[in-house]
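First the structure, in the form of structure tokens, and then the observations on it.
The values are calculated or read from the model by the stated rules, or taken from the named source; none is laboratory data. From a predicted model like this one, the values you see are computed outputs, not experimental measurements. Every residue, glycine as well, gets a Cβ built from its backbone with ideal geometry; the counts of neighbours run over all protein chains shown. Calculation scope for accessible area: heavy atoms of the full protein, side chains included, ligands and nucleic acids excluded. Shrake-Rupley method; radii C 1.70, N 1.55, O 1.52, S 1.80 Å.
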Amino acid sequence: MITSVILAIDTYSQHNDRHIAQSAGQVYRFAVEMEEGHLVLSYDKTEREYLVGQVTSDYEWEPGDHPPGYPHVRRVDWKDSVSRDAFTTATKNTLGSTLTVFSLDDRLDEIEAVLAGNIPDESDEEEEESVPFVDEVANQADELISDMLANMDPFVFEGLVAAVLRAMGYHATKTRDRQDRGIDVIAHPNALGFEEPYIKVQVKRQQSTVGSPEMRAFTGTLGNGERGLFVSTGGYTKNARDAARTAEQRVTLIDRDAFIDLLIQHYDELEAEYQATVPLKRIYIPSQDPPLTE
């Protein structure tokens with residue numbers, strides 16, 4: 001173990017002391033503080049749900065039996081899953097910590113209640129500041145925005161996708177024809193639509209992944225001079241991604257995280273109507289840790 005520690009210090013020597021100490025604390029909690037029988041939650045971003053399990057082993061060091069970079073092992077019996085939306089705002093904020101391993105003891109009563117099928121009362125929570133956990137908000141923002149998108153009407157989300165494309169400089173409109181074969185938005189580089197490419201967009205605001213049949217049906221709508229853009233908050237199966245790649249490289253796939261990145265990047269140019277559907281507040285935080293005192 002001493003050799004491993006020396007190697008780790010050499011490997012991460014470019015990080016500052018604060019970062020190294022925080023990372024060491026993560027490993028310490030995993031190896032020492034965590035115990036057999038403890039409850040464990042692990043977040044699945046694609047499904048927006050937490051996997052719930054129970055630790056069934058002591059800490060193990062297994063550098064050869066697992067993917068490179070993951071030698072620290074705890075056996076877990078995964079028993080259940082619960083939607084992120086089942087928790088109160090305060091608990092969702094706590095679960096959105098930037099740390100990989102952290103304690104949820106102060107939220108244990110609510111977690112156990114949710115697992116028992118009880119719905120927590122949001123009104124029981126103490127009133128919080130309008131921007132919770134300001135020191136971590138930059139890292140939590142994508143999950144908070146994701147919560148908004150998950151509860152957004154699918155037709156409003158289609159309009160938001162079109163609005164983001166307009167903010168990027170495209171001329172984009174929602175389709176109104178019921179015979180549009182699943183095309184939700186069309187976009188052009190110029191106002192008259194004379195310039196290529198003619199872009200067809202399909203939008204899926206859902207938790208489930210898009211499969212290859214849906215992808216092949218979409219690519220089948222693309223003609224000469226046309227490009228495809230598929231936006232799915234649930235992501236894509238491997239077969240769907242393969243189907244998109246074989247479509248003469250004419251299809252661009254955007255998942256939830258990529259869409260949130262585009263939304264944030266072009267938010268200032270977004271029409272006020274659509275800014276109101278995802279209200280964001282600009283927060284300034286230090287771009288780096290303060291200098292360490294000697």
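Can you send over the carbon and sulfur percentage of the accessible area for segment 144-269, probe radius 1.4 Å, protein chains only?
Carbon and sulfur: 48 percent of the exposed surface of segment 144-269.
Work out how much length R216 to L51 would gain on full extension: take 0.36 nm times their residue separation and subtract the Cα-Cα distance, in nm to one decimal.
56.3 nm
Given H placed 1.01 Å from N in the peptide plane, which residues other than close sequence neighbours of Y236 have an amide H under 5 Å from its amide H?
Correct list: V210.
Using θ = phi - 60° and the Karplus relation 6.51 cos²θ - 1.76 cosθ + 1.60, list the HN-Hα couplings for segment 144-159 in order, rounded to whole Hz, with x at every Gly or Pro.
Whole-Hz 3J(HN,Hα) from phi for segment 144-159: 5, 5, 4, 4, 5, 5, 5, 9, 7, 4, x, 6, 5, 5, 4, x.
Between E60 and D80, what length comes free when the chain is fully extended (0.36 nm per residue of separation minus the Cα-Cα distance, one decimal in nm)?
4.8 nm
At 1.4 Å probe size, what's the solvent-accessible area of I264? Round to the nearest 10 Å².
Only protein atoms counted, so the area is about 80 Å².
Per residue of segment 217-229, in order, report the coupling 6.51 cos²θ - 1.76 cosθ + 1.60 (Karplus, θ = phi - 60°) as ³J(HN,Hα) in whole Hz, putting x for Gly and Pro.
Values, residue by residue: 5, 5, 5, x, 8, 8, x, 4, x, 10, 10, x, 10 Hz.
Could you report the accessible area of L262 in Å², rounded to 10, computed with a 1.4 Å probe on the protein chains as they sit in the structure?
L262 exposes around 40 Å² with every protein chain in place.
Where does each of R256, R176 land when they are ordered by accessible area, with a 1.4 Å probe and the largest first?
R176, R256
Return the subset of K45/K204; K45/K92; K174/K204; K174/K200; K45/K174; K92/K281 for which the Cα-Cα distance in this structure is over 21 Å, preserving the input order.
K45/K174
Calculate one ³J(HN,Hα) per residue across segment 105-118 by plugging θ = phi - 60° into the Karplus curve 6.51 cos²θ - 1.76 cosθ + 1.60, and present them in order as whole Hz with x for glycine and proline.
Calculated HN-Hα couplings, in order: 4, 6, 10, 4, 4, 5, 4, 5, 5, 5, 5, 7, x, 8 Hz.
Show the residues, 5+ positions off or on another chain, whose built amide H is closer than 5 Å to the amide H of S103.
Correct list: empty.
Modelled label-to-label distance, Y43 and A258, 7 Å Cα→beta-carbon offset: nm?
Each label point lies 7 Å from its Cα, and together they span 2.1 nm.
Measure off 7 Å from each Cα along the Cα-to-Cβ vector at E36 and D121, then give the distance between these two points in nanometres to one decimal.
Going by the 7 Å Cα→Cβ label model, 4.1 nm.
Given H placed 1.01 Å from N in the peptide plane, which residues other than close sequence neighbours of S81 have an amide H under 5 Å from its amide H?
Correct list: V52.
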